[in-house]
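Reviewing the structure listed below.
Taken together, the values in this text are just the output of simple stated rules run on the coordinates, not laboratory data. Predicted, not measured: the structure shown is a model, and the values here were computed from it. FYI the Cβ positions are ideal-geometry reconstructions off the backbone, even for glycines, and counts take in every protein chain you see.
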Ligand SMILES: [Fe+2]
């Protein structure tokens with residue numbers, strides 16, 4: 001499986017401070033059947049200099065190779081929505097140098113300009129993937145809000161822990177609703193450390209399978225993430 005959203009790089013954001021924790025996270029991911037991890041450091045107040053993320057990826061990859069952990073680390077970023085008019089930032093932190101970009105909205109609410117953000121990103125030639133809206137209070141209160149941004153052309157990434165209850169009953173109920181309504185396109189871990197938001201792919205997969213069946217669950221966990229890594233089109237159900 002592929003994890004498209006993971007804060008695995010050491011000493012760059014609120015992910016692990018040390019390389020040893022990054023290796024531990026990769027070990028846990030391997031146990032869950034993950035073969036590829038996109039490193040998605042927060043791109044918010046700081047724009048990391050070109051080369052910094054790729055150096056950290058290369059250091060981590062070497063470390064994983066030394067520990068015989070067969071996981072490939074790929075470049076990406078979790079880009080704050082205010083960069084929706086910044087093609088250079090979107091390009092620098094796109095997922096595996098494809099047109100796909102992972103976009104973070106504020107955690108407190110869905111901004112009024114959400115649809116404009118999606119529109120502008122598409123206009124610049126990128127495809128926005130909205131990170132974990134099921135944890136956003138606006139969406140918890142009114143889950144159908146995300147239909148509007150999907151209709152504008154955004155994809156939705158859900159955090160695996162949301163469906164397993166890691167973030168509480170409200171987030172879990174919202175997640176179940178969105179999955180059943182085909183409003184989710186990708187599952188990812190959004191792991192930050194070996195302890196915080198542990199990778200729970202297998203548990204989340206079983207839960208998703210119960211809700212929508214195995215082939216639809218495969219789409220969220222395997223087929224869509226794989227298409228994104230290759231820059232191919234993602235199949236969106238109405
Ligand atoms: Fe994240």
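Once the piece of chain linking residue 196 and residue 122 is laid out straight, how much longer is it, given 0.36 nm per residue of separation minus the C-alpha distance between them?
On the way: separation 74, 0.36 × 74 = 26.64 nm, distance 3.27 nm.
Between residue 196 and residue 122, full extension yields an extra 23.4 nm.
Cut-off is 10 Å between beta-carbons; in what order do 14, 190, 3, 59 appear when sorted fewest neighbours first?
Details: 14 11, 190 24, 3 29, 59 15.
Result, fewest neighbours first: 14, 59, 190, 3.
Assuming R0 = 41 Å, what is the FRET efficiency of residue 31 and residue 113, from their Cβ-Cβ distance, to the nearest 0.05? Provide the component values of the computation, followed by the final result.
Values: r = 41 Å, r/R0 = 0.99.
Rounded to the nearest 0.05, the efficiency is 0.50.
If I stretch the segment between residue 226 and residue 97 completely, what's the gain in nm (0.36 nm per residue apart, minus their alpha carbon distance), one decimal? Before the final figure, lay out the partial values.
Numbers: separation 129, 0.36 × 129 = 46.44 nm, distance 1.38 nm.
Contour length minus Cα-Cα distance gives 45.1 nm.
If you build a Gaussian network model of the chain, linking Cα atoms that sit under 10 Å apart, which residue out of 46, 159, 35 swings the most?
Taking springs between Cα atoms under 10 Å, the residue moving most is 46.
In square nanometres and to one decimal, what's the mean projected area of the convex hull around the Cα atoms of the chain?
Working: hull surface 45.1 nm².
Taking the Cα atoms of the chain, their convex hull projects to 11.3 nm² on average.
If you average the C-alpha positions of region 166-220 and of region 10-53 separately, how far apart do those two centres end up, in angstrom?
That distance is 21 Å.
Report, in deg cm²/dmol and to the nearest 500, the calculated mean residue ellipticity at 222 nm for the chain, where each DSSP H run with n ≥ 4 adds -39500 (n - 2.57) and the sum is divided by the residue count.
Details: 11 runs with 97 residues, N = 238.
When only DSSP H runs of four or more count, the value is -11500 deg cm²/dmol.
Using a 7 Å offset from the Cα along the Cα-to-Cβ direction at both residue 177 and residue 236, what is the distance between the two label points in nm, to one decimal?
Spacing of the two 7 Å Cα→Cβ label points: 2.1 nm.
Once the Cα gyration tensor of region 1-141 is diagonalised, what are the square roots of 5 times its eigenvalues, in whole Å and ordered largest first, as equivalent ellipsoid semi-axes?
Working: eigenvalues 150, 55, 35 Å².
With the √(5λ) rule applied to region 1-141, the semi-axes are 27, 17, 13 Å.
Quantify how much of the Cα-Cα distance distribution of region 164-238 extends past 14 Å, in percent. Numbers along the way, then the final one.
Working: 1770 of 2775 pairs.
Summing the P(r) of region 164-238 above 14 Å gives 64 percent of all pairs.
Report the gain in length on full extension from residue 170 to residue 50: 0.36 nm times residue separation, minus Cα-Cα distance, nm rounded to one decimal. The partial results should precede the final answer.
Values: separation 120, 0.36 × 120 = 43.20 nm, distance 3.94 nm.
Full extension of this stretch gives 39.3 nm more.
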